[in-house]
Amino acid sequence: MAGNWKMYKTPAETTAFFEKFRPLAEKSEHCEIVICPPFTNLAAAVDAAKGSHIHVGAQNIAWAKEGAFTGEISAGMLRAVGVTHTIVGHSERRQYFGETDATVLKRTLAALEAGLTPIVCVGERLEERESGNTEKVLVSQFQGGIAGLTEAQFAKIVIAYEPVWAIGTGKTATPEIAADAHRAIRNEVRAKFGKEAAEAVRILYGGSVKPDNVKTLMAQPEIDGSLVGGASLDAVSFASIVNF
């Protein structure tokens, strides 16, 4: 269960969140919990999560180790802060900041090389879904952004399916729609990396996940967790999703 805070909260607000969230999630050992705050809050989050089983992740990662890349943060910098995970290729990075399948692969490789767990995002836009191209888009994003990994590398990643039309819109893919997309992704995994890899990989659903719909989503065998946006900003709300 991962929370993506996007561009919200200060370091002080991050500390306050963890003070409230930790006791609510301390017995939640049925899943891995990852919280991804903005870069400026990572140190506060790592400090506040110490001694718990909550992991802290970044929202993005540079593909280069260092250099003239203004505004980017490298894997080594993230490791030094104490981060264990990173989101890669979120739809907002693709939509607003020119992220491509090729750069998703480069960032994923950089994360893996540093020992971080990448949460690699795929998903279709509304017009792609309405024109019946959902599976085509998912296959294309998989082929361009994930299929370039070796089997050993692939075994260390998490995939997140997030229909762009359901992010922050209040629209949620029905559990059946989500499961169909997850099945299509898993079929690609099976074809490229084999049956065992397809069964082992965790595919998270992201797109307006809330306390009141998480249970029906998680009831689908194809859905292995969730990547939560807005609902992860509130400690009680996110705890109830984690403890679905």
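Determine the pairs where a residue that is under 18 Å from A160 (Cβ atoms) and touching a residue at least 60 places away in the same chain (Cβ under 8 Å), located within the stretch 185-208, has a partner that is among the basic types (K, R) and surrounded by fewer than 17 Cβ atoms within 10 Å (Cβ to Cβ) with Cβ atoms under 9 Å apart, the partner being 6 or more residues away or on another chain.
G207/K171
If F21 satisfies every condition in (1) surrounded by 21 or more Cβ atoms within 10 Å (Cβ to Cβ); (2) in contact with a Ser or Thr (Cβ under 7 Å, 6 or more places away or on another chain) but one, which is the exception?
Only one criterion is unmet by F21, namely (2).
Surrounded by fewer than 20 Cβ atoms within 10 Å (Cβ to Cβ) and on the phi < 0 side of the Ramachandran plot: is that true of H85 in this structure?
So H85 fails the test.
For a quick check of your reading of the model, give me the residue pairs whose first member lies in the stretch 52-71 and is in contact (Cβ under 8 Å) with a residue 12 or more places away in the chain, whose second is in a loop (DSSP other than H, G, I, E, B) and not β-branched (V, I, T), with beta-carbon atoms closer than 6 Å and at least 6 apart or on different chains.
If the second residue must be in a loop (DSSP other than H, G, I, E, B) and not β-branched (V, I, T), the pairs left are A62/F69; A62/E72; A62/S74; K65/S74.
Please go through the stretch 167-184 and pick out each residue that is over 15 Å from the mean Cα position of the chain (by Cα) and in a helix (DSSP H, G or I).
The answer is P175, E176, I177, A178, A179, D180, A181, R183, A184.
May I ask you to list the residues in the stretch 200-244 that are of a type in the set (A, V, I, L, M, F, W, C), closer than 11 Å to M1 by Cβ and not in a helix (DSSP H, G or I)?
L204, V209, L227, V228, F244
Can you find, within the stretch 117-143, the residue that is surrounded by the most Cβ atoms within 10 Å (Cβ to Cβ) among those that are without any contact (Cβ under 8 Å) to a residue 12 or more places away in the chain and part of a helix (DSSP H, G or I)? Walk me through how you get there before you give the answer.
We begin by selecting, within the stretch 117-143, every residue without any contact (Cβ under 8 Å) to a residue 12 or more places away in the chain; these are 127-128, 130-133, 136.
Then keep just the ones that are part of a helix (DSSP H, G or I); that gives 127-128, 130, 136.
Working: E127: 10, E128: 18, E130: 11, K136: 13.
The qualifying residue surrounded by the most Cβ atoms within 10 Å (Cβ to Cβ) is E128.
Being hydroxyl-bearing (S, T, Y) and farther than 15 Å from G206 by Cα narrows it down to one residue among T134, T174; which is it? Quick ask: steps written out before the conclusion?
Values: T174 fails: farther than 15 Å from G206 by Cα.
T134 is the lone residue from the list that is hydroxyl-bearing (S, T, Y) and farther than 15 Å from G206 by Cα.
Failed condition for G225, given (1) surrounded by 19 or more Cβ atoms within 10 Å (Cβ to Cβ); (2) of a type outside the set (A, V, I, L, M); (3) under 20 Å from V137 (Cβ atoms), with all others met?
If we test G225 against (1) surrounded by 19 or more Cβ atoms within 10 Å (Cβ to Cβ); (2) of a type outside the set (A, V, I, L, M); (3) under 20 Å from V137 (Cβ atoms), just (3) comes out false.
Values in this text are rule-based calculations from the coordinates and carry no lab data. What you see is a predicted model; the values in this text were computed from it and never measured. Cβ: placed from backbone, ideal geometry, glycine included. Neighbour counts: every protein chain shown.
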